[in-house]
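Below is one structure, written out as structure tokens; comments come after it.
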Amino acid sequence: MDNETYSTIVEDPQMANLLGQALIRDDLLPSILGSDNHEISYWAGKHLSRSHRLANYDDLIAFFTQFKLGDLSLLKKSSGQLNWQLSGDIVKKRLDLFDDPDFYLETGFIAQSCQYIADQTAEAEITKTNPSKGIVLISTFLGKDKPVDDQEANSLFKIKHPESEDSSNE
């Protein structure tokens, strides 16, 4: 992270609390992981989802907001594919400030979460990044098979929804 990026983050009230996250995700990890950064980040996202298993898509969206990963919205859902948009200030700033910001952690988390929620095998990929609009489009592809996974959490990670106490809606 150079001085200009540091100053930009510290002087932005919405970003200042995310300075440590930016340092680790967009500076340290890419320098350590090199060309494997995106692939390892994707699998790290899947791992996080296994230990933070969510009940439904509303919980997935709330998780992204609460953990400051960006504003996630489901654009389109069909039998074999879900199309997501990741946006918000954190996404826009990371796209603006870093040469190759990594959104594969989020992509892996979405893939594994969709696999649990849909009870179908799932993988996801970034289909488009638009820095000028501050958005990342992610597609999740659902397979026809049931997942075989014995690495998931034994219980659901319960998301707190400010507007309601019940987080079991899909």
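Could you please let me know if residue 46 is within 23 Å of residue 27 (Cα to Cα), at pLDDT 95 or above and part of a helix (DSSP H, G or I)? Yes. Within segment 19-32, is even one residue open to solvent by 60 Å² or more (accessible area, probe 1.4 Å) and either part of a loop (DSSP other than H, G, I, E, B) or closer than 18 Å to residue 124 by Cα (or both)? No: zero hits. Count, please, the residues in segment 84-127 that happen to be open to solvent by 10 Å² or more (accessible area, probe 1.4 Å), within 16 Å of residue 67 (Cα to Cα) and polar (S, T, N, Q). Total satisfying the criteria: 1.
When you look at residue 71, is it in contact (Cβ under 8 Å) with a residue 60 or more places away in the chain and closer than 22 Å to residue 132 by Cβ, yes or no? The answer is no for residue 71. For residue 39, the conditions (1) over 21 Å from residue 141 (Cβ atoms); (2) surrounded by fewer than 17 Cβ atoms within 10 Å (Cβ to Cβ); (3) not β-branched (Val, Ile, Thr) all hold with the exception of (1).
Could you say whether any residue in segment 90-104 is at pLDDT 95 or above, closer than 26 Å to residue 14 by Cα and within 10 Å of the chain's Cα centre (by Cα)? Looking for residues that are at pLDDT 95 or above, closer than 26 Å to residue 14 by Cα and within 10 Å of the chain's Cα centre (by Cα), one finds at least one in segment 90-104, hence yes. Does segment 55-77 contain at least one residue that is surrounded by 18 or more Cβ atoms within 10 Å (Cβ to Cβ) and part of a strand (DSSP E or B)? Yes, some residue in segment 55-77 is surrounded by 18 or more Cβ atoms within 10 Å (Cβ to Cβ) and part of a strand (DSSP E or B).
Filtered by the rule that a residue be within 17 Å of residue 49 (Cβ to Cβ) and outside any strand (DSSP E or B), segment 111-141 gives 111, 112, 113, 114, 115, 116, 117, 118, 119, 120, 121. Pairing residues of segment 14-30 that are within 16 Å of residue 3 (Cβ to Cβ) with residues that are surrounded by fewer than 17 Cβ atoms within 10 Å (Cβ to Cβ) and modelled with pLDDT under 85, at Cβ distances under 8 Å and at least 6 apart in sequence or on separate chains, gives 22/1; 23/1; 26/1; 27/1. Residue pairs whose Cβ atoms lie under 6 Å apart, separated by 6 or more positions or on different chains, with the first residue in segment 123-135 and without any contact (Cβ under 8 Å) to a residue 12 or more places away in the chain and under 14 Å from residue 88 (Cβ atoms) and the second open to solvent by 60 Å² or more (accessible area, probe 1.4 Å) and not acidic (Asp, Glu), do not occur.
Open to solvent by less than 40 Å² (accessible area, probe 1.4 Å) and closer than 23 Å to residue 132 by Cβ: is that true of residue 50 in this structure? Against the criterion (open to solvent by less than 40 Å² (accessible area, probe 1.4 Å) and closer than 23 Å to residue 132 by Cβ), residue 50 does not qualify.
The values are calculated or read from the model by the stated rules, or taken from the named source; none is laboratory data. Note that the structure is a prediction, hence the values are computed from the model and not measured. Using ideal geometry, Cβ is built from the backbone for each residue, glycine included, and neighbour counts are taken over all protein chains shown. Surface areas here come from the heavy atoms of the whole protein model, side chains and all, with no ligands, DNA or RNA. Shrake-Rupley method; radii C 1.70, N 1.55, O 1.52, S 1.80 Å.
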